[in-house]
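Everything below concerns the one structure shown next.
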Amino acid sequence: MWQQTPAQPVTFSGIGLHQGQPVTVTIYPAAANHGLRFVRADLPGRPEIQAHYSKVVGTLRATTLGEGRATLSTVEHLLAALRGAGVDNARIAVGGPEVPIMDGSAAPFAALLAETGLETLPWPRAYLRVKRPVELREGEQWMRVVPGEPRITYTIDFNHPLIRRQRFTVPLGSEAFSREIAPARTFGFLKEVQYLQTNGLARGGSLDNAVVLDDSGILNPGGFRFPEECVRHKILDAVGDLALLGLPLYGRLEVSRGSHELHWRFLQHLMAQEAAWSIWVPTPRPREQQPSWFQPTLWEGAPA
Ligand SMILES: [Zn+2]
(Lines give C-alpha, C1' and ligand atoms only; values in the text may rest on other atoms or scores of the structure.)
Protein backbone atom coordinates (compact mmCIF):
# COMPACT_ATOMS: atom_id res chain seq x y z
CA MET A 1 0.00 0.00 0.00
CA TRP A 2 2.74 2.48 1.02
CA GLN A 3 6.08 2.92 -0.68
CA GLN A 4 9.06 1.47 1.15
CA THR A 5 12.83 1.93 1.34
CA PRO A 6 15.55 0.18 3.37
CA ALA A 7 15.57 1.48 6.96
CA GLN A 8 19.33 2.18 6.74
CA PRO A 9 22.26 1.72 4.35
CA VAL A 10 23.38 -1.88 3.86
CA THR A 11 26.76 -2.92 2.40
CA PHE A 12 27.92 -6.26 1.02
CA SER A 13 30.71 -7.59 -1.20
CA GLY A 14 31.22 -10.48 -3.55
CA ILE A 15 32.80 -11.37 -6.86
CA GLY A 16 31.36 -10.55 -10.27
CA LEU A 17 30.48 -13.61 -12.33
CA HIS A 18 32.17 -12.54 -15.55
CA GLN A 19 35.23 -10.60 -14.43
CA GLY A 20 35.79 -12.63 -11.28
CA GLN A 21 36.80 -9.44 -9.40
CA PRO A 22 35.56 -8.36 -5.95
CA VAL A 23 32.81 -5.72 -5.98
CA THR A 24 31.30 -3.82 -3.04
CA VAL A 25 27.68 -2.66 -3.10
CA THR A 26 25.90 -0.27 -0.74
CA ILE A 27 22.12 0.08 -0.87
CA TYR A 28 21.06 3.50 0.46
CA PRO A 29 17.53 4.50 1.47
CA ALA A 30 15.82 6.93 -0.93
CA ALA A 31 12.79 9.20 -0.82
CA ALA A 32 9.34 8.33 -2.16
CA ASN A 33 9.06 8.27 -5.98
CA HIS A 34 12.85 8.10 -6.40
CA GLY A 35 12.55 4.56 -7.72
CA LEU A 36 15.48 2.13 -7.95
CA ARG A 37 18.68 3.70 -9.27
CA PHE A 38 22.20 2.35 -9.55
CA VAL A 39 25.36 4.42 -9.22
CA ARG A 40 28.70 3.30 -10.69
CA ALA A 41 30.61 4.39 -7.58
CA ASP A 42 34.00 3.46 -9.11
CA LEU A 43 33.74 5.77 -12.14
CA PRO A 44 34.57 9.50 -12.27
CA GLY A 45 31.46 11.59 -11.65
CA ARG A 46 29.69 8.54 -10.20
CA PRO A 47 27.27 8.13 -13.13
CA GLU A 48 23.72 7.10 -12.27
CA ILE A 49 21.79 4.42 -14.13
CA GLN A 50 18.06 4.18 -13.61
CA ALA A 51 16.63 0.67 -13.20
CA HIS A 52 14.34 1.07 -16.19
CA TYR A 53 13.70 -1.05 -19.28
CA SER A 54 14.70 1.90 -21.49
CA LYS A 55 18.24 1.63 -20.05
CA VAL A 56 18.79 -2.01 -21.06
CA VAL A 57 21.88 -2.36 -23.28
CA GLY A 58 22.39 -6.14 -23.13
CA THR A 59 20.41 -9.29 -22.38
CA LEU A 60 22.89 -12.06 -23.15
CA ARG A 61 23.08 -14.41 -20.09
CA ALA A 62 22.32 -11.44 -17.79
CA THR A 63 20.56 -8.10 -17.93
CA THR A 64 22.93 -5.16 -18.48
CA LEU A 65 21.91 -1.53 -17.99
CA GLY A 66 23.73 1.47 -19.40
CA GLU A 67 23.77 5.24 -19.32
CA GLY A 68 26.25 6.90 -21.65
CA ARG A 69 29.46 4.89 -21.37
CA ALA A 70 28.68 3.53 -17.91
CA THR A 71 27.24 0.01 -17.85
CA LEU A 72 26.24 -2.40 -15.11
CA SER A 73 25.69 -6.12 -15.60
CA THR A 74 23.82 -8.85 -13.76
CA VAL A 75 21.33 -6.49 -12.11
CA GLU A 76 18.43 -8.97 -12.19
CA HIS A 77 18.96 -10.99 -8.99
CA LEU A 78 19.43 -7.91 -6.82
CA LEU A 79 16.43 -6.21 -8.45
CA ALA A 80 14.37 -9.36 -7.83
CA ALA A 81 15.31 -9.31 -4.14
CA LEU A 82 14.42 -5.60 -3.87
CA ARG A 83 11.10 -6.08 -5.64
CA GLY A 84 10.43 -9.31 -3.73
CA ALA A 85 10.97 -7.50 -0.42
CA GLY A 86 8.72 -4.62 -1.48
CA VAL A 87 11.46 -1.99 -1.82
CA ASP A 88 10.21 0.81 -4.11
CA ASN A 89 13.00 3.32 -3.59
CA ALA A 90 16.74 2.84 -3.19
CA ARG A 91 20.04 4.20 -4.42
CA ILE A 92 22.42 1.33 -5.11
CA ALA A 93 26.11 2.23 -5.30
CA VAL A 94 28.12 -0.48 -7.09
CA GLY A 95 31.93 -0.39 -7.10
CA GLY A 96 32.42 -2.18 -10.44
CA PRO A 97 30.86 -3.17 -13.77
CA GLU A 98 28.75 -6.04 -12.40
CA VAL A 99 26.62 -6.79 -9.36
CA PRO A 100 28.25 -9.61 -7.30
CA ILE A 101 26.88 -13.04 -8.13
CA MET A 102 26.92 -14.19 -4.44
CA ASP A 103 25.63 -17.80 -4.44
CA GLY A 104 23.84 -17.42 -7.80
CA SER A 105 20.47 -16.74 -6.16
CA ALA A 106 18.74 -13.75 -4.55
CA ALA A 107 18.72 -15.29 -1.05
CA PRO A 108 21.79 -13.39 0.30
CA PHE A 109 20.25 -10.07 -0.86
CA ALA A 110 16.82 -11.00 0.55
CA ALA A 111 18.40 -11.94 3.91
CA LEU A 112 20.29 -8.61 4.10
CA LEU A 113 17.13 -6.64 3.36
CA ALA A 114 15.15 -8.63 5.94
CA GLU A 115 17.89 -7.98 8.53
CA THR A 116 18.05 -4.25 7.72
CA GLY A 117 14.29 -3.79 7.76
CA LEU A 118 12.22 -1.40 5.69
CA GLU A 119 10.88 2.06 6.33
CA THR A 120 7.40 3.02 5.18
CA LEU A 121 7.31 6.27 3.22
CA PRO A 122 4.46 8.81 3.25
CA TRP A 123 3.37 8.12 -0.30
CA PRO A 124 1.11 5.37 -1.65
CA ARG A 125 2.53 2.79 -4.02
CA ALA A 126 1.29 2.89 -7.61
CA TYR A 127 0.89 -0.25 -9.71
CA LEU A 128 0.84 -0.89 -13.43
CA ARG A 129 -2.58 -2.53 -13.57
CA VAL A 130 -3.34 -4.71 -16.55
CA LYS A 131 -6.75 -4.04 -18.13
CA ARG A 132 -6.52 -6.18 -21.29
CA PRO A 133 -4.45 -9.23 -22.27
CA VAL A 134 -1.10 -8.53 -23.90
CA GLU A 135 0.98 -11.28 -25.48
CA LEU A 136 4.32 -11.54 -27.23
CA ARG A 137 5.29 -14.67 -29.15
CA GLU A 138 8.69 -15.36 -30.66
CA GLY A 139 8.77 -18.88 -32.08
CA GLU A 140 8.43 -21.33 -29.19
CA GLN A 141 8.92 -18.61 -26.59
CA TRP A 142 6.01 -16.54 -25.39
CA MET A 143 4.99 -14.22 -22.61
CA ARG A 144 1.51 -12.99 -21.75
CA VAL A 145 -0.22 -10.94 -19.07
CA VAL A 146 -3.95 -10.84 -18.36
CA PRO A 147 -5.97 -8.88 -15.78
CA GLY A 148 -6.13 -10.48 -12.32
CA GLU A 149 -4.40 -10.85 -8.98
CA PRO A 150 -0.62 -10.51 -9.40
CA ARG A 151 1.07 -13.84 -9.95
CA ILE A 152 3.53 -15.46 -12.32
CA THR A 153 3.49 -18.89 -13.94
CA TYR A 154 6.64 -20.01 -15.73
CA THR A 155 7.27 -23.06 -17.90
CA ILE A 156 10.64 -24.31 -19.14
CA ASP A 157 11.50 -27.32 -21.27
CA PHE A 158 15.11 -28.52 -21.51
CA ASN A 159 16.30 -31.72 -23.11
CA HIS A 160 18.10 -32.80 -19.93
CA PRO A 161 17.15 -35.78 -17.73
CA LEU A 162 17.09 -33.64 -14.55
CA ILE A 163 15.02 -30.80 -16.00
CA ARG A 164 12.69 -31.67 -18.90
CA ARG A 165 9.42 -29.75 -18.49
CA GLN A 166 9.02 -27.73 -15.30
CA ARG A 167 6.17 -25.40 -14.43
CA PHE A 168 5.79 -23.26 -11.33
CA THR A 169 3.39 -20.56 -10.12
CA VAL A 170 3.90 -18.03 -7.36
CA PRO A 171 1.93 -14.95 -6.24
CA LEU A 172 3.77 -11.66 -6.88
CA GLY A 173 4.32 -9.16 -4.08
CA SER A 174 3.91 -11.75 -1.31
CA GLU A 175 5.95 -13.45 1.39
CA ALA A 176 6.29 -16.42 -0.97
CA PHE A 177 9.14 -14.77 -2.86
CA SER A 178 11.79 -14.99 -0.14
CA ARG A 179 10.87 -18.58 0.69
CA GLU A 180 10.04 -20.13 -2.68
CA ILE A 181 11.98 -18.12 -5.25
CA ALA A 182 14.91 -16.19 -3.75
CA PRO A 183 17.03 -19.30 -2.92
CA ALA A 184 16.83 -20.72 -6.48
CA ARG A 185 20.27 -20.51 -8.13
CA THR A 186 21.21 -19.72 -11.67
CA PHE A 187 22.03 -22.80 -13.74
CA GLY A 188 24.20 -23.63 -16.71
CA PHE A 189 25.54 -26.52 -18.72
CA LEU A 190 29.16 -27.64 -18.37
CA LYS A 191 29.86 -27.35 -22.12
CA GLU A 192 28.56 -23.78 -22.10
CA VAL A 193 30.57 -22.87 -18.98
CA GLN A 194 33.76 -24.26 -20.56
CA TYR A 195 33.07 -22.29 -23.75
CA LEU A 196 32.46 -19.07 -21.77
CA GLN A 197 35.62 -19.49 -19.71
CA THR A 198 37.71 -20.18 -22.84
CA ASN A 199 36.41 -16.84 -24.12
CA GLY A 200 37.28 -14.94 -20.95
CA LEU A 201 33.74 -14.88 -19.56
CA ALA A 202 32.27 -16.45 -16.41
CA ARG A 203 35.75 -16.13 -14.81
CA GLY A 204 34.14 -15.94 -11.39
CA GLY A 205 31.82 -18.87 -12.15
CA SER A 206 32.06 -21.95 -9.93
CA LEU A 207 29.91 -24.52 -8.20
CA ASP A 208 29.66 -21.99 -5.34
CA ASN A 209 27.54 -19.63 -7.46
CA ALA A 210 25.72 -21.74 -10.03
CA VAL A 211 24.09 -25.09 -10.59
CA VAL A 212 26.17 -26.78 -13.29
CA LEU A 213 24.82 -29.71 -15.27
CA ASP A 214 26.68 -32.13 -17.49
CA ASP A 215 24.94 -34.40 -20.01
CA SER A 216 23.42 -36.69 -17.43
CA GLY A 217 23.50 -35.08 -14.00
CA ILE A 218 24.34 -32.23 -11.66
CA LEU A 219 27.95 -31.48 -10.65
CA ASN A 220 27.15 -29.64 -7.39
CA PRO A 221 27.80 -32.05 -4.51
CA GLY A 222 24.72 -30.82 -2.63
CA GLY A 223 22.39 -31.30 -5.60
CA PHE A 224 19.40 -29.02 -6.18
CA ARG A 225 17.82 -26.84 -3.47
CA PHE A 226 14.36 -27.60 -4.90
CA PRO A 227 13.38 -30.37 -7.35
CA GLU A 228 12.30 -27.63 -9.78
CA GLU A 229 15.06 -25.15 -8.88
CA CYS A 230 15.64 -24.25 -12.54
CA VAL A 231 12.12 -22.98 -13.25
CA ARG A 232 12.07 -21.19 -9.90
CA HIS A 233 15.25 -19.38 -10.94
CA LYS A 234 13.59 -18.35 -14.21
CA ILE A 235 10.83 -16.76 -12.09
CA LEU A 236 13.54 -14.99 -10.07
CA ASP A 237 15.03 -13.63 -13.31
CA ALA A 238 11.60 -12.53 -14.55
CA VAL A 239 10.79 -10.74 -11.27
CA GLY A 240 14.13 -8.91 -11.52
CA ASP A 241 13.59 -7.96 -15.16
CA LEU A 242 10.00 -6.88 -14.42
CA ALA A 243 11.33 -4.46 -11.80
CA LEU A 244 12.55 -2.47 -14.81
CA LEU A 245 8.94 -1.35 -15.34
CA GLY A 246 9.61 1.06 -12.46
CA LEU A 247 6.46 0.04 -10.58
CA PRO A 248 4.96 -3.32 -9.63
CA LEU A 249 2.84 -5.13 -12.20
CA TYR A 250 -0.73 -5.93 -11.16
CA GLY A 251 -1.79 -8.79 -13.41
CA ARG A 252 -1.39 -12.49 -14.09
CA LEU A 253 1.78 -13.18 -15.97
CA GLU A 254 2.62 -16.34 -17.84
CA VAL A 255 5.95 -17.11 -19.50
CA SER A 256 7.01 -20.10 -21.56
CA ARG A 257 10.70 -20.75 -22.33
CA GLY A 258 11.60 -17.16 -21.58
CA SER A 259 14.95 -15.40 -21.50
CA HIS A 260 16.21 -11.98 -20.42
CA GLU A 261 15.78 -10.89 -24.05
CA LEU A 262 12.13 -12.03 -24.14
CA HIS A 263 11.37 -10.44 -20.75
CA TRP A 264 12.79 -7.13 -21.98
CA ARG A 265 11.02 -7.22 -25.35
CA PHE A 266 7.78 -8.01 -23.55
CA LEU A 267 8.12 -4.97 -21.27
CA GLN A 268 8.55 -2.73 -24.31
CA HIS A 269 5.61 -4.41 -26.06
CA LEU A 270 3.39 -4.06 -22.96
CA MET A 271 4.24 -0.39 -22.41
CA ALA A 272 3.52 0.39 -26.08
CA GLN A 273 -0.07 -0.96 -25.67
CA GLU A 274 -1.29 2.02 -23.67
CA ALA A 275 -4.94 0.93 -23.75
CA ALA A 276 -4.01 -2.36 -22.04
CA TRP A 277 -2.95 -0.91 -18.66
CA SER A 278 -3.34 2.01 -16.30
CA ILE A 279 -1.38 3.45 -13.41
CA TRP A 280 -3.39 2.43 -10.38
CA VAL A 281 -3.16 3.63 -6.77
CA PRO A 282 -5.17 1.37 -4.44
CA THR A 283 -7.64 3.10 -2.10
CA PRO A 284 -5.86 4.09 1.13
CA ARG A 285 -6.67 2.24 4.34
CA PRO A 286 -9.18 3.55 6.89
CA ARG A 287 -7.82 6.58 8.71
CA GLU A 288 -6.88 4.74 11.91
CA GLN A 289 -4.57 2.44 9.96
CA GLN A 290 -2.79 5.27 8.21
CA PRO A 291 0.67 6.28 9.39
CA SER A 292 0.51 9.19 11.84
CA TRP A 293 2.25 11.52 9.36
CA PHE A 294 -0.32 10.72 6.65
CA GLN A 295 -1.15 13.73 4.47
CA PRO A 296 -4.19 13.20 2.22
CA THR A 297 -2.95 15.90 -0.19
CA LEU A 298 0.00 13.67 -1.05
CA TRP A 299 -2.16 11.19 -2.89
CA GLU A 300 -5.28 13.07 -3.94
CA GLY A 301 -5.28 13.56 -7.65
CA ALA A 302 -2.94 10.63 -8.32
CA PRO A 303 -3.95 8.86 -11.54
CA ALA A 304 -6.71 6.30 -10.92
ZN1 LIG B 1 19.45 -15.44 -13.15
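The values are calculated or read from the model by the stated rules, or taken from the named source; none is laboratory data. Computed from a predicted model, the values in this text were never measured in an experiment. We place every Cβ from the backbone using ideal geometry, glycine too, and count neighbours over all the protein chains shown.
Being touching an Asp or Glu at 6+ places or on another chain (Cβ under 9 Å), more than 15 Å from the ligand (Cβ to nearest atom) and either aliphatic (A, V, I, L, M) or farther than 30 Å from residue 2 by Cβ (or both) is the filter here; which residues of region 243-256 pass it?
247, 256
Do you know which residues across region 94-119 are over 21 Å from residue 222 (Cα atoms) and not hydrophobic (A, V, I, L, M, F, W, C)?
95, 96, 97, 98, 100, 115, 116, 117, 119
If we keep just the residues of region 132-152 that are out of contact with any Pro (no Cβ under 6 Å at 6 or more places or on another chain) and among the charged types (D, E, K, R), which is surrounded by the fewest Cβ atoms within 10 Å (Cβ to Cβ)?
The extreme case among them is 140.
Keeping to region 23-61, report how many residues are within 16 Å of the ligand (Cβ to nearest atom) and out of contact with any His (no Cβ under 7 Å at 6 or more places or on another chain).
Of region 23-61, the ones within 16 Å of the ligand (Cβ to nearest atom) are 51, 56, 58-61.
From what's left, out of contact with any His (no Cβ under 7 Å at 6 or more places or on another chain): 51, 56, 58, 60-61.
So the count comes out to 5.
On the basis of being surrounded by fewer than 24 Cβ atoms within 10 Å (Cβ to Cβ) and more than 16 Å from the ligand (Cβ to nearest atom), does residue 20 make the cut?
Spelling it out, residue 20 is indeed surrounded by fewer than 24 Cβ atoms within 10 Å (Cβ to Cβ) and more than 16 Å from the ligand (Cβ to nearest atom).
Search region 138-160 for residues being in contact with a Phe, Trp or Tyr (Cβ under 9 Å, 6 or more places away or on another chain) and assigned to a loop (DSSP other than H, G, I, E, B), and hand back the single one that is nearest to residue 175 (Cα to Cα).
Per the stated criteria, the residue is 150.
If you scan region 27-64, which residues turn out to be free of Cβ contacts under 8 Å to residues at least 40 places away in the same chain, of a type in the set (A, V, I, L, M) and crowded, with 18+ Cβ neighbours inside 10 Å?
Correct list: 49 only.
Do we have residue 206 as modelled with pLDDT under 95, away from the ligand (no atom under 16 Å from the Cβ) and assigned to a loop (DSSP other than H, G, I, E, B) here?
no
Would you say residue 266 is surrounded by 24 or more Cβ atoms within 10 Å (Cβ to Cβ), more than 13 Å from the ligand (Cβ to nearest atom) and in contact (Cβ under 8 Å) with a residue 24 or more places away in the chain?
Numbers: surrounded by 24 or more Cβ atoms within 10 Å (Cβ to Cβ): yes; more than 13 Å from the ligand (Cβ to nearest atom): yes; in contact (Cβ under 8 Å) with a residue 24 or more places away in the chain: yes.
Here the answer is yes, as residue 266 does meet what is asked.
Restricting the first residue to region 172-199 and requiring it to be free of Cβ contacts under 8 Å to residues at least 24 places away in the same chain and within 17 Å of residue 105 (Cα to Cα), which pairs with a second residue that is of a type outside the set (Val, Ile, Thr) and outside any loop (DSSP other than H, G, I, E, B) meet a Cβ separation below 7 Å and a spacing of at least six or different chains?
Partner pairs satisfying both residue conditions: none exist.
Just one of the numbered conditions (1) within 16 Å of the ligand (Cβ to nearest atom); (2) without any contact (Cβ under 8 Å) to a residue 60 or more places away in the chain; (3) surrounded by 15 or more Cβ atoms within 10 Å (Cβ to Cβ) is not true of residue 240; which one?
(2)
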